[in-house]
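The next block holds one structure in the form of structure tokens; read it before the comments.
The values are calculated or read from the model by the stated rules, or taken from the named source; none is laboratory data. Since the model is a prediction, treat every value here as computed from it, not as a measurement. Note: ideal-geometry Cβ built from the backbone for every residue, glycine included; neighbour counts use all protein chains shown. Ligands, DNA and RNA are excluded from the accessible area calculation, which covers all protein heavy atoms including side chains. Shrake-Rupley method; radii C 1.70, N 1.55, O 1.52, S 1.80 Å.
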Amino acid sequence: MKNRLLSGIAVAVFGLLLALVPVCIFPACAKVIETAAGGTVPMKCFWSGQAEIGVGLLILCGGVLLIVFKSPLTRIGVSVMTALAGVLGLLVPTLLIGGCEMSTMACRMTTFPAAVVLSILTVAACAANAHYLWRQNKNLPVKTDGR
Amino acid sequence: MDAKPLTTVNISFQTLRRKPFRTTGLIVLVALLAFTLFGGTVLSKSLEDGMNSLSKRLGADILAVPYGYEADIQSAMLRGEPSTFYFDAGVTEKVAGVEGVEDVSPQLYIATLSAGCCSYPLQLIGFDPETDFVIQPWMLNALDHPLADGEIVIGSSISAKVGQKLIFFNQTFSVTAQLDKTGMGFDTSVFMNLATAKQVARESERLKAHPVAENADLISSVMVKIKNGYDVKDVANSILQAYAKDGVHVVVAKNMISDISGNLRGLTTYIFILAGVLWALAVGVLIIVFSVALNGRKREFSIFRVLGATKSKLVRLILCESCLISIIGTVAGMLAAALVIFPFSTYISALLGLPYLQPSYGTLSAVAGLSLLISFAVGPLASIYAAVKIGRSEIYSTIKEGE
Amino acid sequence: MLLEIEGLTKEYTRGGKTFPAVERAELSVGRGDFVSIIGRSGSGKSTLLNMIAGFLPPTSGSIKLEGADLYALKDKEISALRNARLGYIPQGAGALSNLTVFDNIRLPYFLSRRQGDASGRASFLLDEVGISPLAGMLPSQLSGGELRRVLIARALMNEPDILIADEPTSDLDIETTGEIMELLARINKNGTTVLLVTHELDTLKFGNRVLTMAAGRLTEE
């Protein structure tokens, strides 16, 4: 019970933070560039940020589900999927969408590192949780301590 | 039934698990120490490397700038903050004529509103490839010809390849060289010859008025190299005396560097004092916790003896417990430090406003190894007293005292 | 003879005066014996038992387990002997509070190098002393009688030659005392030599030899 609450809350907090990073913690660069021709184009990093919001919310839901579900098997499934969402959070700024060309831009300096760190923490927490539950579950049928 | 064998490590692990509060507290303490030790060392090493690289390769002894802009040239050089200050191009000739001056080279700074990649003010620096001795030493690939019009050299933080075309203000430039990582403002700057820089200034007129567009005979600073045997201070004074009335002021590079290294020394000292205090604190707290716990655990250890554990087994049990705490704490602290200091390195250097160069992987692993060792040593050091004491006591007395 | 005690004396010095806690005790225990030593508290019976178990070096005299003098051995050797051949049930709460019941019982197996099925033996003993359902619990969750059974099972883990119990029924109610003593008697019947000290007359009927300890002197009835 204590572990269920703890793992769920930890993952939910990581998800919430990840969703908030582009919104208010470390926003990406100003969302529109003015071209010399006078038009306006949103930059890649803005879309990366939007995608991270989505991934963050998905992870947040994963954390909540970890608290809601009691069955260890279901929680293993949720953990694995949430870990994969974390991998997605890792891939968006690095491979899938990316951001500015210059490493001193807001997106590459703060938004992406924060997203990458939170994604790594999410993956680690979910993988550890899945591993722990799997081992517990393996022992369950022969366990005699009645817990 | 979990049938894992009851090795020393497993027994210690079980013992730690039954006291989650105490165990977590001790691990957090060690983690804090490891975090400070590793993170702090990497930080100060990076700043030191940035500093060294700056003082080693900054070829200019004196920077002549318009009066009132001494601070701006520093932020332009160190942080690449776009600056706009100008004086007449004739200053170059004037300064060159001062006694003790060997070489002079003018530079022109143009702050852009937006560059091709991003809506971020970018520092464009125009320099004279013929006389330059400041920019070229940083180039990764030597130029086979003086920089022609329309050709640019880019700082290491700009991700473009040599040979690629970049567009600023509707003009296409071809990247002919890239600078090595400098850890300072040069990393985010774009360099071109003076004629090209003036052309860019004229183009940017369409978006915002630019002084260089109106008067093509402006430059921002003059880099000065002095002759051997002359004192930098004297030459700087001579320049001031002769041309202060024309609005020329000077920044002595050595002073700039010694200012930074002064800050840096302060920071490094602070980091190491903090790490030292944390280390002593961790060792002290662990010694107290283990000694106090020892009295309460005499009965437990006598039971081990009754069951046939040797004295050395007891010593190993205690050492193992403290080592588990210190290794878990150390690894956690160092991972946390790595998650902060590596992804956010650019942000940290921007916050500090100091040249920041991450050390090589070899240096990094040496720092990591050393931090690991120092932080891990807390465990065995703290429990050695308790271990020796329990190893000496007789079973009969410990059974009695434990009752 | 399994255990031979000759001229065993232990002297204590208190306030500058030397007095004997145990004086020239003689005792021979054969295989399969069930020996009870009764005496008031302070009569020296715990001191005697601790010397026999190898915890307390005597002032003079010798204790031989199948001919080997206990106090001529090094720490490593006497630890190994204690681990393999002596099953000791300490007085009071003698379980390790950080380990589960199951781990407490199988612990002696892991204190020296040996081969075999530790978990199987521990499960067998849990069943033998009648506490199988408690395997995963911690000692703090157990009653006094259950705890005593854990200690007995643990003492039996390495199939010792002799089981030594220091007041195994102190602080237990009458009913539980009877159960524990019957358990010890059954273990004795299965071939393990039992040596216990007690200050309760009720427990004497379970043994086949009774000795009395009074003012440091041991006499057989």
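Overview of values
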| item | result |
| --- | --- |
| Intensity falloff of segment C:55-208 expressed as log10 I(q)/I(0), Debye formula with alpha-carbon point scatterers, at q = 0.11, 0.16, 0.18 Å⁻¹ | -0.44, -0.92, -1.14 |
| Cα convex hull of segment C:108-174, projected area averaged across orientations, nm² | 5.4 |
| Helix-only CD estimate at 222 nm, as mean residue ellipticity for chain B, using -39500 (n - 2.57) per DSSP H run (n ≥ 4) | -18500 deg cm²/dmol |
| Anchor B:Lys4: aspartates and glutamates whose Cα lies under 15 Å away (excluding residues fewer than 8 positions away in-chain) | C:Asp103, C:Asp117 |
| DSSP-defined beta bridges in the protein assembly as shown - what % are antiparallel, rounded to 5 | 65 |
| Nearest-ten-degree value, helix C:75-85 long axis tilted from longest Cα axis of chain C | 60 |
| Distance from segment C:104-163 to segment B:305-352 (C-alpha centre basis), Å | 34 |
| Built amide H within the under 5 Å cut-off of C:Leu142, gap 5+ | none |
| Residue pairs, from the table B:Lys45/B:Lys225; B:Lys165/B:Lys233; B:Lys298/C:Lys17; C:Lys10/C:Lys205; B:Lys45/B:Lys165; B:Lys298/C:Lys74, whose Cα atoms sit over 32 Å apart | B:Lys165/B:Lys233; B:Lys45/B:Lys165 |
| Nearest-0.05 FRET efficiency for B:Ser159 and B:Asn10, computed from C-beta distance (R0 60 Å) | 0.75 |
| Of B:Ser312, B:Ser189, B:Ser12, the one that fluctuates the most in a GNM where chain B has Cα springs shorter than 10 Å | B:Ser312 |
| Contact surface B-A: accessible area buried, both sides summed, square angstrom, 1.4 angstrom probe | 2000 |
| Within chain C, helix-based [θ] at 222 nm, where runs of 4 or more DSSP H residues each add -39,500 (n - 2.57), nearest 500 | -9000 deg cm²/dmol |
| Where Cα atoms sit under 20 Å apart: lysine pairs in chain A separated by 8 or more or lying on different chains | 6 |
| Rg(Cα) / (2.2 N^0.38 Å) computed for segment B:68-246, rounded to two decimals | 1.03 |
| Helix A:112-139 axis, angle to chain A major axis (alpha carbon atoms, nearest 10°) | 10 |
| For chain C, built as a Gaussian network whose Cα springs stay under 10 Å, the top-fluctuating residue of C:Ala21, C:Ala93, C:Ala155 | C:Ala93 |
| Two-site label geometry, B:Leu143 and B:Ala366: point separation in nm, points 7 Å out along Cα→Cβ | 3.6 |
| Hz values of 3J(HN,Hα) by residue in segment C:164-175 - Karplus curve (6.51, -1.76, 1.60), Gly and Pro given as x | 10, 10, 9, 6, x, 10, 5, 6, 10, 6, 4, 4 |
| nm² value of the averaged projected area, convex hull over the Cα atoms of segment B:156-272 | 11.7 |
| Under 15 Å, Cβ to Cβ, from B:Tyr347 - net charge with Lys/Arg +1 and Asp/Glu -1 | +1 |
| Computed E for C:Asp69/C:Arg217 - FRET, C-beta separation, R0 30 angstrom, nearest 0.05 | 0.85 |
| Inter-centroid distance (Cα atoms) of segment B:44-105 relative to segment C:66-87, Å | 83 |
| Radius of gyration and Dmax over the Cα atoms of segment B:285-403, both given in Å | 20.9, 66 |
| Karplus-derived 3J(HN,Hα), 6.51/-1.76/1.60, for each residue of segment B:217-230, Hz, glycine and proline x | 9, 10, 9, 9, 7, 10, 7, 10, 10, 9, 6, 4, x, 9 |
| Local net charge near B:Phe272, Cβ-Cβ under 15 Å (Lys/Arg +1, Asp/Glu -1) | +1 |
| Loop trypsin sites (Lys or Arg not before Pro), segment A:60-126, which have at most 13 other Cβ atoms in a 10 Å radius of their Cβ (DSSP) | A:Lys70 |
| 10 Å Cβ neighbours from other chains, averaged over peptide B:347-360 | 1 |
| Amide proton proximity set for C:Leu2, modelled H, under 5 Å, gap of 5+ | C:Val29, C:Gly30, C:Arg31 |
| Considering only segment C:3-220, percent of DSSP beta bridges that pair antiparallel, nearest 5 | 50 |
| For segment C:45-115: relative contact order, % (alpha-carbon pairs under 8 angstrom, 6 or more apart) | 22 |
| The protein assembly as shown, Cα convex hull volume normalised per residue, Å³ | 212 |
| Mean Cα-pair separation over length for chain B, i.e. relative contact order, pairs under 8 Å, 6 or more apart, % | 29 |
| nm² value of the averaged projected area, convex hull over the Cα atoms of segment B:40-110 | 6.0 |
| Accessible area in square angstrom per residue, the protein assembly as shown, 1.4 angstrom probe | 44 |
| Tail weight of P(r) past 20 Å, computed on alpha-carbon pairs of segment A:2-136, percent | 45 |
| Heavy-atom accessible surface of the protein assembly as shown: percent carbon and sulfur, 1.4 Å | 60 |
| Mean Cα-pair separation over length for chain A, i.e. relative contact order, pairs under 8 Å, 6 or more apart, % | 32 |
| Positive-end residue of B:Ile384, B:Trp279, B:Cys323, charge dipole of segment B:248-403 with Cβ unit charges | B:Ile384 |
| Listed residue pairs exceeding 26 Å between alpha carbons, taken from C:Lys76/C:Lys189; B:Lys94/B:Lys198; B:Lys198/B:Lys254 | C:Lys76/C:Lys189; B:Lys198/B:Lys254 |
| Surrounding net charge for C:Ser140, when Lys and Arg each add one and Asp and Glu each subtract one, Cβ distance under 12 Å | 0 |
| Total accessible surface hidden between C and B, rounded to 100 Å², 1.4 Å probe | 2600 |
| Cα-based helix-to-principal-axis angle, A:72-91 vs chain A, degrees rounded to 10 | 20 |
| Against the rule of thumb 2.2 N^0.38 Å, how large the Cα Rg of segment C:77-118 comes out | 1.24 |
